[in-house]
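First up is the structure itself, then whatever we jot down about it.
The values are calculated or read from the model by the stated rules, or taken from the named source; none is laboratory data. This one's a predicted model, so the numbers in the text were calculated from it and none came from an experiment. Every residue, glycine as well, gets a Cβ built from its backbone with ideal geometry; the counts of neighbours run over all protein chains shown.
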Amino acid sequence: MQYYSLNKKAPNVDFAYAAVHGQAPDKGLYFPEFVPKLSQEFWDAFPTMSKEEIGFAVMKNFVGESIPNNELKRIVAETINFDFPLVKIDENISSLELFHGPTLAFKDVGARFMSRCLGYFNKGKKENTTVLVATSGDTGGAVANGFLGVEGVNVVILYPSGKVSPIQELQLTTCGQNITALEVNGSFDDCQAIVKQAFMDEDLNKHLTLTSANSINVARWLPQQLYYFFAVQKWFKKYNEAPIICVPSGNFGNICAGIMAQQAGLPVKHFVAACNANDEVPKYFATGNYSPQMAVATISNAMDVGDPSNFVRILEIFNADYNSITEIISSVSVDDETTKATIKEVESRTNYVLDPHGAVAYKALSDYINANGGNGFLLETAHPVKFPNVVEEVIGRQIPIPEDAKYLFEKKKESTVINADFDAVKKWLLSK
């Protein structure tokens, strides 16, 4: 499998190159030269396949010859070694819980797969790769945990001081080893701007092999398909019609992975992209015009994106044909007050606690089903304990910390405080 740049001004590369470099030299996102269809043999076996068998069959098509089969099987098994329960909330709506991994967020899947791929590609190399990532919370924790102890890879995470939840900060700052947290006196946008500038800085890139760990990287984006397969396999044990799937959407990597799974043959009736007040994509669906905007701060902060980088990949899948896109996907915006009301209503009626991102998705899916009929599930992308200020205030009680996360509170935070200034970060990187 070869990958091409969506800017169309760089040579095609294999999976290994795309994973190690993240972005093409022309600053475009990499995209597979074709979307592979899974064989009839796969679909005949699908109802009884293990997660590991599904994961290998799906990812082999994208990895090609870059990783030997036995290594890829190991990488897949280590990536998905936790549960992906599909929990019924009410009559028509279930929740695909993606928070049972080590950092309680869906990003564990992509981060674990990518970290193990880079670990394999770096074996025997003299130079270390530096993974540089900006986070508003969950990405950093998943990347830190996924890359912890991976040989030949150093991870530097930039996060805005005082703007992540306590549990998220502990996940970023208590790893040690090859993980460093830079606590930036600024906003998430400042952190992201510094990271983008680092990738553009020729001098820095002469001295360091830099790569990105957000969803622009194919090794982080593509494995997110896997939990769609796991969920649909479970779905057909209860229902005889394809599901409507609602995805809380910010950078649009998660829903784009789901669409790739559907293109491979996975039965999905319809996708709903649930957005918060950052509604540039819902506006596109309403008008056919796409116009990026400045990000607006909301309580579902992982979706506070004004110009989603993966939307260009969705356009590519459908050859930018508006009618084809809107036939398969809808997109709506849900404001903060409605998000809070949804958390409260669902908890009081069903005892199920949604996080703010899951609540946005629940509301969008509920409205879609009320208007169009059918059954579906939402992607619950993070454990509600990660958003205590919002959720506990709304439901009026504390959320118990999961057993697997309690150890974090016994660890000591270690971070390097730094100003929101590219030159300061560059100087720090070159001194290491």
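Numbers below:
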read-out	value
Filtered residues of the stretch 206-238 (kept if at pLDDT 95 or above and either assigned to a strand (DSSP E or B) or among the hydroxyl-bearing types (S, T, Y) (or both))	Y227, Y228
Within the stretch 343-432, helices (runs of 4 or more DSSP H) holding 1 or more residues that are farther than 25 Å from Y159 by Cα, under 20 Å from the mean Cα position of the chain (by Cα) and not aliphatic (A, V, I, L, M)	356-372
Hits in the stretch 294-307 (condition: touching a Pro at 6+ places or on another chain (Cβ under 9 Å), part of a loop (DSSP other than H, G, I, E, B) and under 16 Å from D138 (Cβ atoms))	T298, I299, S300
Qualifying residue in the stretch 316-323 (condition: within 29 Å of V35 (Cα to Cα), at pLDDT below 95 and part of a helix (DSSP H, G or I))	no
Every pair of residues 6+ apart whose Cβ atoms lie under 8 Å, when the first sits in the stretch 273-298 and is of a type in the set (D, E) while the second is buried (at least 18 other Cβ atoms within 10 Å of the Cβ) and modelled with pLDDT of 95 or more	D279/S333
The stretch 254-272: number of residues that are under 14 Å from the mean Cα position of the chain (by Cα) and either part of a loop (DSSP other than H, G, I, E, B) or within 17 Å of V360 (Cα to Cα) (or both)	2
Single match in T298, T326, T342, T338 (criterion: modelled with pLDDT under 95 and β-branched (V, I, T))	T298
Meets criteria (touching a Cys at 6+ places or on another chain (Cβ under 9 Å) and modelled with pLDDT under 95) for S249	no
Residues (crowded, with 24+ Cβ neighbours inside 10 Å and over 14 Å from H357 (Cα atoms)) located in the stretch 102-111	T103, D108, V109, G110, A111
Any hit, the stretch 136-156, residues being in a helix (DSSP H, G or I), farther than 25 Å from D307 by Cβ and more than 17 Å from the chain's Cα centre (by Cα)	no
Candidates G149, G137, G186, filtered to the one that is within 22 Å of R112 (Cα to Cα), out of contact with any helix residue (DSSP H, G or I) (no Cβ under 6 Å at 6 or more places or on another chain) and among the small types (G, A, S)	G149
The listed residue being surrounded by 14 or more Cβ atoms within 10 Å (Cβ to Cβ), over 30 Å from E202 (Cβ atoms) and touching an Asp or Glu at 6+ places or on another chain (Cβ under 6 Å), out of A57, A77, A10	A77
Verdict on L118 being crowded, with 22+ Cβ neighbours inside 10 Å, within 19 Å of N178 (Cα to Cα), in contact (Cβ under 8 Å) with a residue 40 or more places away in the chain and not β-branched (V, I, T)	yes
Only listed residue being surrounded by fewer than 24 Cβ atoms within 10 Å (Cβ to Cβ) and modelled with pLDDT under 90, chosen from D138, D203, D189	D189
Counted residues, the stretch 327-337 - those being part of a helix (DSSP H, G or I) and either in contact (Cβ under 8 Å) with a residue 60 or more places away in the chain or touching a helix residue (DSSP H, G or I) at 6+ places or on another chain (Cβ under 6 Å) (or both)	2
Per-region count, the stretch 271-293, residues within 24 Å of L98 (Cβ to Cβ) and crowded, with 19+ Cβ neighbours inside 10 Å	10
Test: residue in the stretch 64-72 that is modelled with pLDDT of 95 or more, farther than 18 Å from V218 by Cα and hydrophobic (A, V, I, L, M, F, W, C)	no
Some residue of the stretch 116-129 being of a type in the set (V, I, T) and under 18 Å from the mean Cα position of the chain (by Cα)	no
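Here is a yes/no grid of residues against (1) over 30 Å from N92 (Cα atoms); (2) within 16 Å of the chain's Cα centre (by Cα); (3) touching a residue at least 60 places away in the same chain (Cβ under 8 Å):
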residue: Q197; (1), (2), (3): yes, no, yes
residue: P223; (1), (2), (3): no, yes, yes
residue: Y227; (1), (2), (3): no, yes, yes
residue: A242; (1), (2), (3): no, no, no
